[in-house]
Amino acid sequence: MPEVPLLKLENVGKEYFGNRVLAKVDFSLNRGEILGLVGENGAGKSTLMNILFGMPVISGTGGYEGNIVLDGRVVRFNSPFDALEAGIGMVHQEFSLIPGFSAAENILLNREALNGSILELVFSERLNTLDRPAMRRRAARAIQTLGVDIGVDTIASEMPVGYKQFIEIAREIDRTRTRLLVLDEPTAVLTETEARILLDALRKLADGGISIIFISHRLQEVKSLCDKIVVLRDGNVIREESARSASIRDIAAWMVGRQVDDSRPPRTGKVSDEVALSVRNLWVDMPGETVRDATFDVHRGEIFGIGGLAGQGKLGIPNGIMGLSPSGGEVALFGKKIELDTPRKALDSGMAFVSEDRRGVGLLLSERIDWNIAFTGMQVQNRFLRGIPGLGNLVRIRDDAAIAEETERYIRALEIRCTGPGQRAVELSGGNQQKICLAKAFSMRPELLLICEPTRGIDVGARELVLNTLRRYNEEYGTTILITSSELEELRSVCDRVAIVGEGKIAGILPATSPAERFGLLMMGAVGDGDEAAQREAAGNA
Amino acid sequence: MSRLNRGIGSLLMDYAVPLIFIVISAAAIPLSGFSAAYLVQELLIRVGRNSFLILSLLIPIMAGMGLNFGMVLGAMAGQIGLIFVSDWSIVGIPGIVLAMIVGTPFAVVLGVLCGEVLNRARGQEMVTSYILGFFINGVYQLLVLYFMGWLIPISNPALVLSRGYGIRNAISLTGIRMVLDRLVPLKIGTISVPVATYLVIAAFCFFIVWFRRTKLGQDMRAIGQDMPVADSAGIPVNRTRVIAIVISTVLACYGQIIFLQNMGTLNTYNSHDQAGMFSIAALLIGGASVSRAGIGNVFLGVTLFHLMFIVAPMAGKNLMGQAQIGEYFRVFVSYGIIAIALVLHAWKRFRDRMEARRSLRGPAERREGA
Ligand SMILES: Nc1ncnc2c1ncn2[C@@H]1O[C@H](COP(=O)(O)OP(=O)(O)OP(=O)(O)O)[C@@H](O)[C@H]1O
Ligand SMILES: [Mg+2]
């Protein structure tokens, strides 16, 4: 007798206001199986999962077509609670934690352990007091299942991003009923180590009989974790394949419908001798990314990369320079000293920053795309404004044409998938929202742009676009760019020089063209590996 | 270093209002020339009669609904209860208890109404409840001024206006005057302590402490911090918010009864108005904010508020030969404090948002600061 699959999608389709997002999607998932769902930004992955989970945004926009079959029975969830009731747990692309609550309170949100009392007989269970020790125990158990070490009393708003993700997953684990777990880009905000811990934990859960749908743009992860891969392109299932037999190159090609081209035009940008950013003995007290003593120079017009293993302090450097974490040392921009510890001062001197933690901040979600991109430029540099004829510059009105033009330009350059500049940011897919963040930083035209993890959450095809745009931006405007990324190859392909951070210090700075082994050695902790020579070499190149 | 500065700055900011009051009172006490015993006695009485009302504001704040200007609805319910027991000439503690029993259904109905309205005006709770207070005041006047003695029989002629219907402007609550305060007589030196009243207040504090630890309290905190998240976790947001307002309204009803038993006279048409304004002002003076308030804020606030109003008229008189200045002060300060607190709140929210966005704002900051 063939096993009835736990979940089967039959001809599932969805339209948003006449814009077809999903066509006929078919696939099935067995018990204890891990299915990897991949596709470009805007392919419809999150939408599909929203349908599965009965999210109100789906029914609020006209419902969906086709059937979802769970355990051989057709189900149609009207709300996430029906889905939870049926044993489906979901970890969303956005966080849903109560900021002032502890880890334990968040994990057990609305499922708190309660002390019994007679009041529950007279009124309702809600008048029982919380059994905090039991809550701590249960939360600790769920966290432990994940194999991480997070204090149950840590307040959500004070957690590093990676922790928040674990807390959300722990919440689903604590639900005893959960049979199917949906994770929408759970690793996008995790460091490599954290991601590995998570993947191991998911494997364990699957072995325990829970089925998992795993969405990620890191194809390596998808391949190593999943049993089966489903590729979505423009709302259609292009391919359903065993993870073992598919190569990462194949998957990427299926996703974007062409061979991914990762060659880059030769560098034409001019790096001058002038020092744009000079950093001396910087220390930064950023949790998990402590910087102890970093010294380096970035030249005008240079693209400078900062790489290194997670937790060694590479993220601490830009965060410290921007004054977002307590820091000290000497930092100067074009010879002018920057007062650390005060974000104001850093920003005043013409730097712009794209944080590694992009969710929740930066985008005005309910506003239009063009507004999101142009707003700051309009406020600060008086761009996108024009005078009224006859009044000179006394009264200036918004230049909608200029805004539209600029927006269109970025939409094209970054291939932001949207219905037009007038679409609201909230209606974009996660990856496309991140592209808007980048476009916004670009359109501010800073003298120094600090970008953390520029391609996080962005699909394999678009990643090249983003990197090329960075490069082109640098070449057109001569902007100095400091990129922090956990992906060394990305840095090597786009930067002029790359610094590797180890144990809170600059282990060495190499020209991006240096062979990979030398970077590898630096990462492994061979501090001082010819960095003097390398620096001279790099300066010579400049 | 500047981070530390920022820390101290925002701490000062948070406690600016109580600090100002402490400074003013400290200056005014010697000027007033009152004896310590007199001050303590006055404070004991006033804190006793007001605290309950102010405590009733805490639960909606916890649920993220801001200052419940709708508490005047509860105060009206309490007054309706008092009018009835005065009419029925029920005196002493039974009178008070009965007034509470009669007032409760009114308070519950008004609370549900207020809660439902506020659910339709999310994010605008304060202004809505304030306006709703005016509207219900109209209904209350209709009831008390026209229906009582006409549709609703009132037998005691001392309560009714000479035209035959409608309740008089001021009702003397002789039957229940200070019965709670004097239930347990205790005198320390020359100072008499309203023990029973304080016991009731203590019970209320225990209630709040206990309530915070219940599931319902936890749900309210969750809703107060992030409504969409609470909603997506399956917490019945609307229902819970209505419950918060109902609890607040009912408690305000009891608070008003306790307040009036001490005063001994009911100003039928404006006692409730003052209840709302002064309670909210007192809470804010205690360092509470629109989104954060605790029992400590209540007692600090009510003490400072009254201390100020005991000493200010006398200090004003001694200083400028005019006692009115104190009364003027009282009203001016109440409204002023509320205005300041609301502005501070808006400003703080703005600041927090900016802080969160700062990382991405880039040079926009230059403008912002200028
Ligand atoms: N609420 C909405 N209203 C209108 N259109 C929407 C809405 N939500 C999503 N869309 C559109 O549906 C398409 C698919 O979006 P979806 O979020 O499913 O993409 P995704 O595959 O998850 O991409 P990503 O990898 O970037 O997260 C996008 O083109 C998006 O603009
Ligand atoms: Mg998505």
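For A:Val256, the stated conditions do not hold, so it cannot be described as closer than 29 Å to A:Lys14 by Cα, under 21 Å from the mean Cα position of the chain (by Cα) and modelled with pLDDT of 85 or more.
One residue stands out in region A:85-97 among those that are over 20 Å from the mean Cα position of the chain (by Cα) and either within 16 Å of ligand 2 (Cβ to nearest atom) or farther than 20 Å from A:Ile215 by Cα (or both): the one that is modelled with the highest pLDDT, namely A:Ala86. Identify all residues within region A:104-123 that are touching a Leu at 6+ places or on another chain (Cβ under 9 Å), modelled with pLDDT of 85 or more and over 25 Å from A:Met49 (Cβ atoms); write none if there are none. Matches in region A:104-123: A:Glu105, A:Glu112, A:Ala113, A:Leu114, A:Asn115. Scan region A:464-477 for residues that are buried (at least 20 other Cβ atoms within 10 Å of the Cβ) and either within 15 Å of ligand 1 (Cβ to nearest atom) or not assigned by TED's automatic domain parsing to the domain that holds A:Glu289 (or both) and jot them down. Within region A:464-477, just A:Val466 meets the criteria. Considering every residue within region A:406-414, establish whether at least one is away from chain B (no Cβ under 14 Å), of a type in the set (Val, Ile, Thr), within 16 Å of ligand 2 (Cβ to nearest atom) and in contact (Cβ under 8 Å) with a residue 12 or more places away in the chain. No, region A:406-414 has no match at all.
Here A:Gln381 does not fit the description of being at pLDDT below 85, within 16 Å of ligand 1 (Cβ to nearest atom) and within 14 Å of chain B (Cβ to nearest Cβ).
Count of region A:179-213 residues, restricted to those that are in a helix (DSSP H, G or I), among the hydrophobic types (A, V, I, L, M, F, W, C), closer than 19 Å to A:Tyr163 by Cα and touching a Gly at 6+ places or on another chain (Cβ under 6 Å), is 2. Summed over region A:16-69, the residues that are farther than 14 Å from A:Arg417 by Cβ, assigned to a helix (DSSP H, G or I) and polar (S, T, N, Q) give a count of 2. Residues that are closer than 14 Å to B:Ile280 by Cβ and of a type in the set (A, V, I, L, M) were ranked within region B:45-58; the one that is farthest from the chain's Cα centre (by Cα) is B:Leu58. With respect to A:Met55, determine if the residue is hydrophobic (A, V, I, L, M, F, W, C), facing another protein chain (nearest Cβ under 10 Å) and within 16 Å of ligand 2 (Cβ to nearest atom). So A:Met55 fits the description; yes. Are any of the residues in region B:264-273 farther than 20 Å from B:Ile208 by Cβ, β-branched (Val, Ile, Thr) and part of a loop (DSSP other than H, G, I, E, B)? The answer is yes, given that some residue of region B:264-273 is farther than 20 Å from B:Ile208 by Cβ, β-branched (Val, Ile, Thr) and part of a loop (DSSP other than H, G, I, E, B). Per this entry, A:Phe166 is counted among residues that are buried (at least 17 other Cβ atoms within 10 Å of the Cβ), aromatic (Phe, Trp, Tyr) and part of a helix (DSSP H, G or I). Being more than 16 Å from ligand 2 (Cβ to nearest atom), hydrophobic (A, V, I, L, M, F, W, C) and touching a residue at least 24 places away in the same chain (Cβ under 8 Å) is not true of A:Phe123.
Between B:Gly369, B:Gly316, which is modelled with pLDDT under 85, surrounded by fewer than 22 Cβ atoms within 10 Å (Cβ to Cβ), more than 14 Å from chain A (Cβ to nearest Cβ) and farther than 28 Å from B:Leu180 by Cβ? So the residue among B:Gly369, B:Gly316 that is modelled with pLDDT under 85, surrounded by fewer than 22 Cβ atoms within 10 Å (Cβ to Cβ), more than 14 Å from chain A (Cβ to nearest Cβ) and farther than 28 Å from B:Leu180 by Cβ is B:Gly316.
Counting only helices (runs of 4 or more DSSP H) that fall entirely inside region B:178-251 and contain at least 3 residues that are of a type in the set (D, E, K, R), the qualifying elements are B:215-225. Residue under question is A:Met135, and the condition is that it be within 16 Å of ligand 1 (Cβ to nearest atom), under 23 Å from A:Ala170 (Cα atoms), out of contact with any Phe, Trp or Tyr (no Cβ under 8 Å at 6 or more places or on another chain) and assigned by TED's automatic domain parsing to the domain that holds A:Ala156; does it hold? So A:Met135 fails the test.
Residue by residue, here is whether (1) in contact with a helix residue (DSSP H, G or I) (Cβ under 8 Å, 6 or more places away or on another chain); (2) part of a helix (DSSP H, G or I) holds:
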{"position": "A:Phe81", "(1), (2)": "no, yes"}
{"position": "A:Gly89", "(1), (2)": "yes, no"}
{"position": "A:Ser96", "(1), (2)": "yes, no"}
{"position": "A:Asn110", "(1), (2)": "yes, no"}
{"position": "A:Ile143", "(1), (2)": "yes, yes"}
{"position": "A:Val148", "(1), (2)": "yes, no"}
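For region B:233-250, the candidate set comprises residues that are under 16 Å from B:Gly115 (Cβ atoms) and of a type in the set (Gly, Ala, Ser); within that set, the residue that is nearest to the chain's Cα centre (by Cα) is B:Ser248.
The condition (being surrounded by fewer than 23 Cβ atoms within 10 Å (Cβ to Cβ) and under 29 Å from A:Gln312 (Cα atoms)) is satisfied by just one residue among A:Val460, A:Val426, A:Val501, A:Val494: A:Val460. Look at B:Ser86 and say whether it is in contact with a Leu (Cβ under 7 Å, 6 or more places away or on another chain), under 27 Å from B:Met220 (Cβ atoms) and touching a residue at least 24 places away in the same chain (Cβ under 8 Å). It is false that B:Ser86 is in contact with a Leu (Cβ under 7 Å, 6 or more places away or on another chain), under 27 Å from B:Met220 (Cβ atoms) and touching a residue at least 24 places away in the same chain (Cβ under 8 Å).
Could you check how many residues of region A:175-230 are touching a strand residue (DSSP E or B) at 6+ places or on another chain (Cβ under 8 Å) and within 15 Å of ligand 2 (Cβ to nearest atom)? The qualifying residues number 12. Could you tell me whether any residue of region B:138-145 is among the polar types (S, T, N, Q), over 18 Å from B:Val290 (Cα atoms) and either without any contact (Cβ under 8 Å) to a residue 12 or more places away in the chain or in a helix (DSSP H, G or I) (or both)? Within region B:138-145, one or more residues are among the polar types (S, T, N, Q), over 18 Å from B:Val290 (Cα atoms) and either without any contact (Cβ under 8 Å) to a residue 12 or more places away in the chain or in a helix (DSSP H, G or I) (or both).
Checking region A:87-96 against the condition returns a match, with at least one residue being in contact (Cβ under 8 Å) with a residue 24 or more places away in the chain, more than 11 Å from chain B (Cβ to nearest Cβ) and surrounded by fewer than 19 Cβ atoms within 10 Å (Cβ to Cβ). Within region A:231-245, being more than 16 Å from ligand 2 (Cβ to nearest atom), in contact with a strand residue (DSSP E or B) (Cβ under 6 Å, 6 or more places away or on another chain) and assigned to a loop (DSSP other than H, G, I, E, B) holds for one residue alone: A:Ala243. Do we find that B:Ala230 is at pLDDT 95 or above, hydrophobic (A, V, I, L, M, F, W, C) and either surrounded by 20 or more Cβ atoms within 10 Å (Cβ to Cβ) or within 19 Å of the chain's Cα centre (by Cα) (or both) in this structure? Considered against the rule, which asks whether it is at pLDDT 95 or above, hydrophobic (A, V, I, L, M, F, W, C) and either surrounded by 20 or more Cβ atoms within 10 Å (Cβ to Cβ) or within 19 Å of the chain's Cα centre (by Cα) (or both), B:Ala230 comes out as no. Contact map, region B:204-225: first residue closer than 15 Å to B:Phe52 by Cβ, second residue not in a helix (DSSP H, G or I) and not charged (D, E, K, R), Cβ cut-off under 9 Å, separation 6 or more or different chains; pairs are B:Phe204/B:Ser56; B:Ile208/B:Gly294. Give the residue that is modelled with the lowest pLDDT, with candidates limited to residues of region B:11-47 that are among the small types (Gly, Ala, Ser) and touching a Leu at 6+ places or on another chain (Cβ under 9 Å). Ranking the qualifying residues of region B:11-47, first place goes to B:Ala16.
The values are calculated or read from the model by the stated rules, or taken from the named source; none is laboratory data. Not measured: the values here are computed from a predicted model. FYI the Cβ positions are ideal-geometry reconstructions off the backbone, even for glycines, and counts take in every protein chain you see.
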